[in-house]
Structures are given as structure tokens and as C-alpha cells.
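**Q** Starting off with a structure, shown below.
The values are calculated or read from the model by the stated rules, or taken from the named source; none is laboratory data. Worth saying up front: this structure is predicted, and the values here are computed from it rather than measured. When we count neighbours, we look across all protein chains shown, and the Cβ atoms used for this are built from the backbone with ideal geometry, even at glycine.
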Amino acid sequence: MSLSMISPVILIAAIFALIPFLTAAFFSAKLATATERLPASVQVFAPSALCVIYLLVAFSAGTFHWDWLVLYALLPVAISFVMWQARRSDPTQHGNWRDFLVLAILGLAVDLRWFQPAWPAHFIVFNKILLLDAGIWAFLVVRRLDQVGFNLRLRWNDLGIGLRELAFYTPLAIPLGLGLGFLHLHPSAPWLSRLPVAFLFTFFFIAVPEELFFRGWLQNLLERRIGRYPALFLTAALFGLAHFNKRAVHFNWRYVLLAALAGIFYGRAWRQQRRVGASAISHACVDTIWSLWLR
């Protein structure tokens with residue numbers, strides 16, 4: 001779909017959806033400081049404004065339903081309220097059951113496409129960004145979870161670490177993927193012209209959201225409960241399972257296996273300096289190479 005086919009209302013909705021994501025990615029410290037003294041009621045109820053994203057998209061496409069608007073107004077508030085309780089119950093941030101409950105709700109809502117019927121064709125991506133924004137507000141502003149590493153002001157170390165883990169993963173994944181019939185080599189030089197755009201889109205809209213969720217939040221919290229290596233492998237396994245219904249009608253075990261293996265290297269990249277940017281570079285490189293030459 002070209003930009004000329006997208007209505008101004010949809011573009012406004014996209015800008016509104018990206019503002020929390022990009023603000024947290026590039027100005028997380030300033031955002032945390034600016035919201036630190038907000039009353040608890042404001043912190044909890046403010047994310048209800050995210051329902052405007054659904055409102056704009058649905059009205060523009062003629063698919064508006066009141067029940068979905070109520071859901072998108074109340075769910076971010078409920079998530080923030082649970083995180084507020086977690087902050088009070090677990091001030092040392094050892095990891096509270098409420099943290100994992102919120103992660104389960106967000107993860108399952110995306111992976112099982114619970115809210116897909118709310119969105120018109122081609123605009124389901126708004127659901128993912130809306131839920132991501134709700135999670136960012138809940139964990140950054142309300143919970144104030146530390147050591148997440150959600151800072152996309154990238155450093156040379158992020159690039160070096162990300163490419164190193166890519167170099168470790170590739171010699172394992174390509175022979176395994178080809179042998180399982182999951183990967184199919186399509187060498188084509190003209191695809192090089194699409195490489196920068198493909199990488200940037202994958203980095204910002206696939207790799208960063210998934211790495212923030214799985215590494216910045218989930219692996220981060222699991223480390224506090226079960227230790228570094230168990231957290232690394234459990235998060236990788238859950239990351240693999242999150243791909244069970246991708247590109248298949250039934251359980252796609254090949255995708256699960258390769259994604260779980262990738263998750264180990266993404267987790268290694270994140271935990272070295274606790275930077276989402278480093279693991280997102282590995283992740284975006286893998287997905288870009290796959291989409292252009294190995295799908």
C-alpha cells in the first residue's frame with residue numbers, strides 16, 4: 001500500500017501511535033524524570049488516551065465499534081494499575097507475579113491475534129504498536145523497571161555486539177534451516193537496492209518491539225528470579241514458541257526451533273551491556289537476510 005493511498009487521518013493515527021514509542025526510545029530518561037512526580041491517578045489513567053489510535057483508524061475505515069473503543073481505553077489503564085500495584089509490592093524489583101501477568105496478556109494478545117477483528121485489513125500493525133505503547137508506559141513510567149536498556153541512541157558497541165552474535169548464529173542457522181527445508185536460498189543482486197529500507201523497517205517495527213518485550217522486560221525480570229542462564233534459555237524458548245503460528249496453519253515447529261536458537265544469541269547480545277539496541281541489530285539483520293535471500 002503506497003502512502004498516496006493512506007488517508008490523512010490514518011497518518012495522524014500513525015504519528016500518535018509512534019510518539020510514545022519513539023519518545024521512550026530516544027528520551028527515556030527525560031520521560032521518566034518528567035513523569036516521576038505525576039499523581040498515581042494520572043500515571044494509571046493517562047494511557048487511556050491510546051484508544052484515540054483505534055478511534056481514528058476505525059472511523060477512517062468505517063469499521064468503528066464501541067466495544068473495541070472501550071477495550072482499548074480500559075486495557076492500558078488496567079495494565080498500568082497492575083504495574084502500580086507491582087511497584088508498591090516489589091520496590092526492590094525482584095520480579096513480581098504481576099509483572100509476568102502483564103507480559104502474558106500483552107504477549108498472548110499479539111501472538112494469538114485476540115484483537116485482530118477490531119482492525120480493518122492492512123492496519124493490524126496499529127494493534128501491536130498500541131499494546132507496545134501501553135507496555136512502555138506501564139513498565140517505564142509506572143513500574144519504573146530498571147536495566148531494561150531501551151535506548152536507541154546507538155553506540156558502536158551495540159553494532160559490534162549485534163554483528164558478533166549474528167556471526168555466531170548464522171553458521172548454525174543456515175545449514176540447519178536448509179536441511180529442515182525451512183530456508184530456501186534465493187541469491188539475487190537486485191535485492192541489494194532494497195536492503196537499507198528493509199533493514200530499517202525491520203529494525204524499528206519488528207526487532208525493537210520484540211527485543212524490548214522479550215529481552216528488556218521478560219529476560220530482565222526472569223534473571224532476577226531464576227538467574228542469568230536459566231533466564232536466557234527460558235526466554236529464548238518462549239521467543240521460539242511465540243512463532244508457532246507464523247507462516248503456517250498449524251504448529252510450525254521448524255520456525256519455533258530456529259527462532260528459539262536465535263533467541264539465545266539475541267539474549268546474549270542484550271545482556272552483555274543490557275542494551276535493547278544491540279539485540280535488535282542482531283534480530284533485524286537475521287530477519288532482513290531471511291526476508292531478502294532465504295525465505
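**Q** Whether any residue in the stretch 151-160 is part of a helix (DSSP H, G or I) and under 15 Å from Leu294 (Cα atoms) is what I want to check. Don't jump to the end; show me each part of the working.
**A** From the stretch 151-160, those part of a helix (DSSP H, G or I) are 156-160; that's our starting set.
Filter once more, so that each one left must be under 15 Å from Leu294 (Cα atoms): none.
So far as the stretch 151-160 goes, no, none of its residues is part of a helix (DSSP H, G or I) and under 15 Å from Leu294 (Cα atoms).
**Q** Right, here's the next one. Only one residue in Trp137, Trp114, Trp119 is among the aromatic types (Phe, Trp, Tyr), at negative phi, without any contact (Cβ under 8 Å) to a residue 24 or more places away in the chain and out of contact with any strand residue (DSSP E or B) (no Cβ under 8 Å at 6 or more places or on another chain). Which one? Break it down stepwise before answering.
**A** Values: Trp137 fails: without any contact (Cβ under 8 Å) to a residue 24 or more places away in the chain; Trp119 fails: without any contact (Cβ under 8 Å) to a residue 24 or more places away in the chain.
Exactly one residue qualifies, and that residue is Trp114.
**Q** Now, a different point. Does Glu210 satisfy the condition of being of a type in the set (Asp, Glu) and closer than 13 Å to Val286 by Cβ? Give the derivation first.
**A** Details: of a type in the set (Asp, Glu): yes; closer than 13 Å to Val286 by Cβ: yes.
So Glu210 passes the test.
**Q** Filter the stretch 103-125 for residues that are assigned to a loop (DSSP other than H, G, I, E, B) and either over 17 Å from the mean Cα position of the chain (by Cα) or farther than 15 Å from Leu71 by Cα (or both) and give the result.
**A** So the first thing to find is which residues in the stretch 103-125 are assigned to a loop (DSSP other than H, G, I, E, B), and the list is 112-115, 119-124.
Within the stretch 103-125, Leu112, Trp119, Pro120, Ala121, His122, Phe123, Ile124 qualify.
**Q** So which of Ala237, Ala248, Ala280, Ala260 ends up being buried (at least 21 other Cβ atoms within 10 Å of the Cβ) and not β-branched (Val, Ile, Thr)? Steps first, please.
**A** Values: Ala237 fails: buried (at least 21 other Cβ atoms within 10 Å of the Cβ); Ala248 fails: buried (at least 21 other Cβ atoms within 10 Å of the Cβ); Ala260 fails: buried (at least 21 other Cβ atoms within 10 Å of the Cβ).
Of the residues listed, the single one that is buried (at least 21 other Cβ atoms within 10 Å of the Cβ) and not β-branched (Val, Ile, Thr) is Ala280.
**Q** Wholly within the stretch 185-295, which helices (runs of 4 or more DSSP H) include no fewer than the required count, namely at least 2 residues that are modelled with pLDDT under 95, aliphatic (A, V, I, L, M) and on the phi < 0 side of the Ramachandran plot? Walk me through how you get there before you give the answer.
**A** On the way: elements: 195-202, 208-211, 220-226, 228-241, 253-273, 276-289.
Counting at least 2 such residues, we get 195-202.
**Q** Which condition number does Asn96 fail, the rest of (1) of a type in the set (S, T, N, Q); (2) surrounded by 19 or more Cβ atoms within 10 Å (Cβ to Cβ); (3) within 27 Å of Leu261 (Cα to Cα) being met?
**A** (3)
**Q** Are any residues in the stretch 22-58 over 23 Å from Val208 (Cβ atoms) and of a type in the set (Gly, Ala, Ser), and if so, which ones?
**A** Passing the criteria: Ala40, Ser41, Ser48, Ala58.
**Q** So, one more: What number of residues in the stretch 99-134 are surrounded by fewer than 17 Cβ atoms within 10 Å (Cβ to Cβ) and either in the same structural domain as Thr235 (by TED's automatic domain parsing) or charged (D, E, K, R) (or both)?
**A** Summing the residues that are surrounded by fewer than 17 Cβ atoms within 10 Å (Cβ to Cβ) and either in the same structural domain as Thr235 (by TED's automatic domain parsing) or charged (D, E, K, R) (or both) in the stretch 99-134 gives 2.
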